[in-house]
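Undergrad: I have a structure here, written as structure tokens, and I will follow up with some questions on it.
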Amino acid sequence: MIKLTAIEKVYRTSTIETLALDNINLEIPKGEFVSIMGPSGCGKSTLLNVMGLLDNPSKGAVEIDGMEISRYSDKKLARLRNQKIGFIFQSFHLINDLSVLDNVEIPLLYRTSTGRSRRELAKEALEKVGLSNRMKHFPSQLSGGQKQRVAIARAIVGKPEIILADEPTGNLDSVMGAEILNILLQLNQEGATIAMVTHDEQMARKTNRLIRLFDGRQVS
Ligand SMILES: Nc1ncnc2c1ncn2[C@@H]1O[C@H](COP(=O)(O)OP(=O)(O)O)[C@@H](O)[C@H]1O
Ligand SMILES: [Mg+2]
């Protein structure tokens, strides 16, 4: 589903050059749930952003579902990302002056679907994360765990085949964190391919495979 070949990512500023990813070769088959661990600054977010077509690698090839995307235009990349990939971030990234329901509908605005079908899909996604009773709330009225569940609903509303989660439980206590992991495990059971960055060994153990990074290199 996701294939990375000889990926290198260099960040250049006027004074320093950082090799954030160094020869990463990785294949994540359809339906696998992998976790990614490693010390701060080792390249975990960069790796996820490259997989998710949010960032271009400096070298190497990215394939998503058999499509090699290096020659894709930004527009085509954006469409592929919108259709195939759902993102979840540590800090939720919800829009505070939109209701829960409106937040979840956002990814569908880029598609040609009617208001009514957007609403139905958003409700369905919120049901899946157990938040049907909070649709009219605003993000500031929710707990951290509930906010992350809204963010998951937003990530899955377009029924993406791939879910990329960057420390999704990093801002949550262990009870709420376990809840979020259970939702991700459930989505994986239903067929989603998932890559999750985590600092929690116990959570990583519940996934199919653990990838460890160190200084931009894959060490296991
Ligand atoms: N936009 C950027 N510009 C310059 N350097 C960056 C940028 N993003 C990340 N880096 C550097 O790349 C390395 C990897 O960063 P990151 O992928 O965010 O690590 P992690 O998620 O594992 O903490 C770090 O050394 C970081 O400082
Ligand atoms: Mg990071």
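Undergrad: Tell me, please, whether a residue that is assigned to a helix (DSSP H, G or I), under 26 Å from residue 188 (Cβ atoms) and either more than 15 Å from ligand 2 (Cβ to nearest atom) or out of contact with any Cys (no Cβ under 9 Å at 6 or more places or on another chain) (or both) can be found in the stretch 84-100.
TA: Yes, the stretch 84-100 contains at least one residue that is assigned to a helix (DSSP H, G or I), under 26 Å from residue 188 (Cβ atoms) and either more than 15 Å from ligand 2 (Cβ to nearest atom) or out of contact with any Cys (no Cβ under 9 Å at 6 or more places or on another chain) (or both).
Undergrad: Inside the stretch 19-61, can you point out the residues that are within 16 Å of ligand 2 (Cβ to nearest atom), at positive phi and touching a residue at least 24 places away in the same chain (Cβ under 8 Å)?
TA: 38, 43
Undergrad: Among the residues of the stretch 1-29, count how many are under 26 Å from residue 170 (Cα atoms) and charged (D, E, K, R).
TA: 3
Undergrad: Mind checking which residues of the stretch 31-68 are in a loop (DSSP other than H, G, I, E, B), more than 16 Å from ligand 1 (Cβ to nearest atom) and not charged (D, E, K, R)?
TA: 31, 66
Undergrad: Of all residues in the stretch 152-171 being aliphatic (A, V, I, L, M) and away from ligand 2 (no atom under 16 Å from the Cβ), which is farthest from residue 45 (Cα to Cα)?
TA: 157
Undergrad: Kindly list the number of the only condition in (1) assigned to a helix (DSSP H, G or I); (2) of a type outside the set (A, V, I, L, M); (3) touching a residue at least 24 places away in the same chain (Cβ under 8 Å) that fails for residue 120.
TA: Just one mismatch for residue 120, condition (3).
Any read-out appearing in this document is the output of simple, stated calculations on the displayed coordinates, not a laboratory observation. Nothing here was measured: the structure is a model prediction, and the numbers come from that model. Heads up, the Cβs are rebuilt from the backbone with ideal geometry, glycines too, and the neighbour counts pull from every protein chain shown.
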